[in-house]
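Report on the structure given below.
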Amino acid sequence: MADEIVSITDPYKTPTTFVNQVAGAGFLNGVVNVTMATAQFTPQANGIVTPDLVITSRLRMDLFCAQQLYAELGRIIQQNTRTDEKPN
């Protein structure tokens with residue numbers, strides 16, 4: 001994140017949405033668009049449970065914000081997937 005201290009508030013009590021699939025993404029007129037989905041497992045009448053992807057979030061951001069998100073996700077992924085083992 002930026003080096004400057006910024007006050008961040010949540011006056012609207014924005015809910016947290018769990019997502020586990022990028023359903024679509026693109027770039028149009030200077031705006032990054034990402035549609036996220038969540039897999040629901042709904043039993044059918046025949047007893048079979050088939051995953052059902054439901055759109056749960058649509059993110060829109062400028063390119064600068066997308067670069068920030070890219071950097072933060074990269075940092076989180078690197079910290080949580082690195083191994084301390086030395087290769088043979």
Response to the item:
The condition from (1) in a strand (DSSP E or B); (2) surrounded by fewer than 10 Cβ atoms within 10 Å (Cβ to Cβ) that Thr35 misses is numbered (2)
Practice prompt. Quick one: count up the residues across the stretch 28-39 that are farther than 10 Å from Val54 by Cα and either free of Cβ contacts under 8 Å to residues at least 12 places away in the same chain or in contact with a Pro (Cβ under 9 Å, 6 or more places away or on another chain) (or both).
Written response: 2
Discussion item. Checking the condition at pLDDT 95 or above and over 29 Å from Asp3 (Cα atoms), which residue from Gln44, Gln21 passes?
Written reply: Gln21
Practice prompt. Scan the stretch 1-25 residue by residue and report those that are touching a Ser or Thr at 6+ places or on another chain (Cβ under 9 Å) and either surrounded by fewer than 10 Cβ atoms within 10 Å (Cβ to Cβ) or aliphatic (A, V, I, L, M) (or both).
Written response: Thr17, Phe18, Val19, Val22, Ala23, Ala25
Worksheet item: Can you name the number of the only condition in (1) within 19 Å of Leu69 (Cα to Cα); (2) out of contact with any Cys (no Cβ under 9 Å at 6 or more places or on another chain) that Val32 fails?
Response: (2)
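The values are calculated or read from the model by the stated rules, or taken from the named source; none is laboratory data. What you see is a predicted model, and the numbers here were worked out from it, not measured in a lab. Using ideal geometry, Cβ is built from the backbone for each residue, glycine included, and neighbour counts are taken over all protein chains shown.
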